[in-house]
Amino acid sequence: MSSDSETATARRDAVRERHRETADEVLPEHTDLYVGGEFVAADAGETFDTIDPTTGEVLASVARGTEADVDDAVEAAWTAFDEEWSGVSAGRRQRVLTSIADAIEANVEDLARLESLDNGKPVSEAKIDVRGAAEQFRFFAGIVRENPGETMNAGSRYGQVIKEPYGVVGQVIPWNFPLLMASWKLAPALAAGNCTVLKPAEQTPLSALRLVELVDDVVPDGVVNVVPGYGEEAGAAVTGHPDVRKVAFTGSTAVGKQVMKSAADTVTDVTLELGGKSPVVVFPDVHPKKAVALVKAAIFYNTGECCEAGSRLFVHEDVADDVLEGLVAAIDDMTIGDPLDEETDLGPKVSREQVDRTLEFLETAKEDGGEFLAGGGQPDDETLADGCFVEPTLIEGLDHDSEAVQEEIFGPVLDVFRWDDYDEMMALANDVEYGLAGGVITDDITKANTTARDIEAGYIWINSYHDLVPGLPFGGYKQSGIGRELSAETLEHYQQTKTINLSLR
Ligand code: NAD
């Protein structure tokens, strides 16, 4: 063995050791289902493994929920709703939400390390997720009392319009922001007065389980139930359950369509937060350095595993060379490696399956004539050989119809297009089935606003990217979804309207 190989082997051993030690410190004590306030084994007694994508080692065996477990969880949720939660005041709900936020904030470091182990995301980014999760609970705690309904005097009638919770809601979330997505779902559902059955992604079930351990004593039994398991088993059982009155799903567009179809059988209300293939438009007035920093963050944050990732760059011809040169240099400077290191910029992808999926798209891009300005495969670095790493990749020269441009790759891969005619550029920017987000980089306020309006998407950043502020609704146009999160509108998605018309005659 060469000395280089020996060093690489020693480094890999050290990373494995560090991950095992960290797992001992931060993993949840319980990896069973959480139903009716108790941790219980799955009905069939089965488990599945969740894998550390940095080392390839098993982190934990987790209860594999199936239809029977979802039935139990839905029943426990209805019991909690009927016997307690439907009667609690907005003030009590506010206190519960605030206590959940406090519990998360008291555990930022450990929750971030747990998220980093299970998902592979850099711990510096995981901390942002954890703080964002606490912020969700604080935001909905803040607006929970501002929901009094309306009254109307109408001649011989007196009308009341009140908002009522659905009762029991079913929530299914993806693996890219496990704790954050759990908070986006739980906070508004509880604030609106519902009880819930949450199904975390099978790749990353641990932070949701740790969260319910942390808040077990502040959330009444059965108000929150967590059923880990596979999508086709536990997920489909939640979204198709006849006693679930509202379904909230975040995940891929393909599965979102199935969820919507199954909800049709029971005419259940559905909100969907789905995939994206968002454009970022760079105008020529902007300093290339500024554009590089924003474009880099737009695509490579969270290893490109962001629904809103700015994965198609439209850069004006006049600054294209400088911006692309700057991007290649910025990619060279990125630290790829152990996500538990504070300095790491890019961790592994969540799973081997996701690596293979990304590599297939890179193959397609090669076949379609793409020119790789950076990356294009897995890093040629023995120290990273255990992990699910993919190089940050820049591809130019693809036809906009290529699958690698049209489909969501969900990895650190940016497709680049140069433009000089605004209308032609905008026609391409909107020529995808998605419409989740977009970015505009220019100091010209008129162009910025015109472009923001022209992009067919639900959320546009001007001179920033990814910063999501509670209060500003987030959600998709076109096949990126139905409904909005992060806002007062979200609370309404978890409520139904009742009109009471009282005759005064
Ligand atoms: P996915 O659709 O494969 O899985 C999402 C969740 O659905 C998982 O919990 C999975 O177990 C479950 N699931 C799978 N099949 C199911 C079925 N038949 N019935 C019910 N549930 C089922 O997506 P993913 O790969 O976990 O996540 C990545 C996707 O999520 C990307 O497309 C990304 O854009 C999207 N996403 C969107 C947002 C948003 O806010 N718009 C946020 C995060 C992620």
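The values are calculated or read from the model by the stated rules, or taken from the named source; none is laboratory data. Keep in mind that this is a model prediction, so the values were computed, not measured. FYI the Cβ positions are ideal-geometry reconstructions off the backbone, even for glycines, and counts take in every protein chain you see.
Give the number of residues within segment 229-273 that are within 10 Å of the ligand (Cβ to nearest atom) and part of a loop (DSSP other than H, G, I, E, B). Result for segment 229-273: 5.
Okay, residues lined up against (1) charged (D, E, K, R); (2) at pLDDT 95 or above; (3) over 30 Å from Glu164 (Cα atoms):
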{"position": "Ala14", "(1), (2), (3)": "no, yes, yes"}
{"position": "Glu21", "(1), (2), (3)": "yes, yes, yes"}
{"position": "Val26", "(1), (2), (3)": "no, yes, yes"}
{"position": "Glu38", "(1), (2), (3)": "yes, yes, no"}
{"position": "Thr47", "(1), (2), (3)": "no, yes, yes"}
{"position": "Thr54", "(1), (2), (3)": "no, yes, yes"}
{"position": "Ala73", "(1), (2), (3)": "no, yes, no"}
{"position": "Ala76", "(1), (2), (3)": "no, yes, no"}
{"position": "Gly87", "(1), (2), (3)": "no, yes, no"}
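The single condition among (1) more than 13 Å from the ligand (Cβ to nearest atom); (2) assigned to a strand (DSSP E or B); (3) touching a Gly at 6+ places or on another chain (Cβ under 6 Å); (4) not acidic (Asp, Glu) that Val281 does not satisfy is (3). For segment 477-497, filtered to residues that are within 12 Å of the ligand (Cβ to nearest atom) and surrounded by 22 or more Cβ atoms within 10 Å (Cβ to Cβ), the residue that is farthest from Tyr459 (Cα to Cα) is Thr490. When Val212 is tested against (1) aliphatic (A, V, I, L, M); (2) away from the ligand (no atom under 13 Å from the Cβ); (3) outside any helix (DSSP H, G or I); (4) surrounded by fewer than 24 Cβ atoms within 10 Å (Cβ to Cβ), exactly one condition is not met: (3). Checked against (1) over 26 Å from Asp467 (Cβ atoms); (2) not in a strand (DSSP E or B), Gly170 passes all but a single condition, namely (2). Under 6 Å by Cβ, and 6 or more places apart or on different chains, what pairs join a residue from segment 72-89 that is more than 17 Å from Asp32 (Cβ to Cβ) and polar (S, T, N, Q) with one that is modelled with pLDDT of 95 or more and buried (at least 20 other Cβ atoms within 10 Å of the Cβ)? Note: pairs meeting the criteria are Thr79/Gly222.
Kindly indicate whether any position in segment 434-444 is of a type in the set (A, V, I, L, M) and farther than 30 Å from Gln136 by Cα. No: zero hits.
Tell me which residues, restricted to segment 139-186, are on the phi > 0 side of the Ramachandran plot and touching a Lys or Arg at 6+ places or on another chain (Cβ under 8 Å).
Gly149, Gly167 - these are the residues of segment 139-186 that are on the phi > 0 side of the Ramachandran plot and touching a Lys or Arg at 6+ places or on another chain (Cβ under 8 Å).
Please go through segment 374-405 and give me each residue that is buried (at least 18 other Cβ atoms within 10 Å of the Cβ), out of contact with any Asp or Glu (no Cβ under 6 Å at 6 or more places or on another chain) and not in a loop (DSSP other than H, G, I, E, B), ordered by number. Within segment 374-405, Ala374, Thr383, Leu384, Thr393, Leu394, Ala404 qualify. Taking each residue of segment 298-310 that is in the same structural domain as Gly438 (by TED's automatic domain parsing) and assigned to a loop (DSSP other than H, G, I, E, B) and looking for partners that are surrounded by 24 or more Cβ atoms within 10 Å (Cβ to Cβ) and among the basic types (Lys, Arg) with beta-carbon atoms closer than 8 Å, six or more apart or interchain, yields Glu305/Lys121; Glu305/Lys349.
If the condition is being surrounded by fewer than 20 Cβ atoms within 10 Å (Cβ to Cβ) and not charged (D, E, K, R), then segment 237-252 contributes Pro242, Ser252. Taking the listed residues Glu408, Glu353, Glu325, the one that is assigned to a helix (DSSP H, G or I), among the acidic types (Asp, Glu) and under 30 Å from Ala254 (Cα atoms) is Glu353, with no other qualifying.
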